[in-house]
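One structure is given here, and the rest of the page talks about it.
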Amino acid sequence: MLEVLFFSLIVLAGTGGELCVSRAMKQIGEVHDFRPSAIVRVILRAVRVKWLWIGIGLMTVGFFSLLAILSFENVSFVVPVSALGYVAGALGGRFFLGERVNWRRWAGILLVCAGVTLVVIGKG
Amino acid sequence: MTPHKRLHIKTYLMVLVMILAGPMGNLMLSKGMKNIGKITTEISSPSDILHVLARVLSSGTIWLGIASLLTFFVAYMLVLSWADYSFVQPTSAIAYAVVALLATLLLGEVVSPLRWAGIAVICLGVFVVGHTNPRTTENR
């Protein structure tokens, strides 16, 4: 039961954090200039976007959930199951960021789900 | 050597760093956390949380794992600065197989045939996801 909670946090908080960071970076705009002074300016702008901080907070929760579950589960089980992040990512991209997810990407996501199901069943 | 060939070698070298450093990072986190012990038995009251956190943050294995994951991340960002995302992302799907392989070899984990099959299907799924247009929100 606790495993379900930790996996949910890895997948939802981890992916939710990435979505928030993606939203923050889109708000800042595409980075064209890679000179150190320009990168510093991008960072200074980024730290004022609230989505960035929400994203970092969520990713931190996801990371510590990963550590927690690795304290009692095999890494060869945990890492494949956390691939469910692709599913959360596609749903979040579709509904939170307004990306268009085409049938091919959905097909890939279904395959990831099928694979995770096999990994979970294979645990016995 | 032609510039084209050099770019190829550079890309594959960086992808190799990614698919080794990422899984090695996860392996070391796993080893470090196993040394600390099952988190749910270690933490029986809220006051234990800080104590366990201090042990996690003072574990060399955990920090090696974090360093390895950072190496992965830097290699990922570097390779994305010249190679296509739709090439890099599906290629990095192989990391799922590398995790399982290294976990059996280095940590002695037992991976059942069904789990191997599941991992193969996950790799395939990630591969298919990666072979789609990386940007769909631009007005065209």
inquiry  = If each residue of separation counts as 0.36 nm, what is the full-extension length gain between B:L101 and B:N35 once their alpha-carbon separation is subtracted?
reply    = 21.7 nm
message = Only helices at least 18 Å long along their own axis, judged from Cα atoms, and with Kyte-Doolittle mean hydropathy of 1.6 or greater: name those in chain A from DSSP H.
response = A:50-70, A:103-121
request  = Post the alpha-carbon centroid distance, the stretch A:103-124 to the stretch A:1-37, in whole angstrom.
outcome  = 22
query = With the contact rule set at Cα under 8 Å and sequence spacing of 6 or more, what percent relative contact order holds for chain A?
reply = 34
message = Shape verdict for the stretch B:60-123, please, from the Cα gyration tensor: rounded (a/c under 1.5), prolate (a/b greater than b/c) or oblate.
response = oblate
query = What average count of beta carbons from other chains do you get within 10 Å of the Cβ of residues in B:95-103?
reply = 4
note = With the charge dipole of chain B built from beta-carbon charges (+1 for Lys and Arg, -1 for Asp and Glu) about the Cα centre, the Cα from B:M77, B:H8, B:S45 projecting farthest to the positive end belongs to B:H8
request  = For A:K123, go through the lysines and keep the ones whose alpha-carbon is under 28 Å away, minus same-chain ones fewer than eight residues off.
outcome  = B:K31, B:K34, B:K38
note = Most exposed first, judged by fewest Cβ atoms within 10 angstrom, A:D33, B:D48 run A:D33, B:D48
request  = Sort the stretch B:1-118 into rounded, prolate or oblate with this rule: let a ≥ b ≥ c be the square roots of the eigenvalues of the Cα gyration tensor; rounded if a/c is under 1.5, and if a/c is not under 1.5, prolate when a/b is larger than b/c, oblate otherwise.
outcome  = prolate
query = By its C-alpha gyration tensor, with a ≥ b ≥ c as the square roots of the eigenvalues, how is the stretch A:14-53 shaped: rounded for a/c under 1.5, else prolate for a/b larger than b/c, else oblate?
reply = prolate
query = Under DSSP H, which helices of chain B have Cα atoms covering 27 Å or more of the helix axis and a Kyte-Doolittle average no less than 0.0?
reply = B:3-36, B:60-80
note = Restricting to aspartates and glutamates and to Cα separations under 20 Å from A:K26, and discarding same-chain partners fewer than 8 apart, the set is A:E18, A:E99, B:D84, B:E138
remark   = So, with points 7 Å from each Cα along the Cβ direction, the B:W82-B:V110 label distance in nm works out to 4.7
Over the protein assembly as shown: Kirkwood hydrodynamic radius from C-alpha pairwise inverse distances, Å = 19.7
task = Neighbouring Cβ atoms within 10 Å as the yardstick, rank B:E42, A:E73 fewest first.
result = B:E42, A:E73
inquiry  = If I model a spin label as a point 7 Å beyond the Cα along the Cα-Cβ vector, how far apart are those points for A:E30 and B:F73 in nm?
reply    = 2.5
key: Spin-label pair B:L53/A:V40, simplified geometry with 7 Å Cα→Cβ offset, distance in nm   = 3.2
Whole-Å semi-axes of chain A's equivalent ellipsoid (Cα gyration tensor) = 31, 19, 12
Charged-residue dipole, Cβ positions (Lys, Arg, Asp, Glu), chain A about Cα centre, Debye nearest 20 = 520
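Every number here is computed from the coordinates shown, using simple stated rules; none is lab data. This structure is a prediction, so every number in the text was calculated from the model and none was measured. Ideal geometry is used to build each Cβ from the backbone, glycine not excepted, and the neighbour counts take in all protein chains shown.
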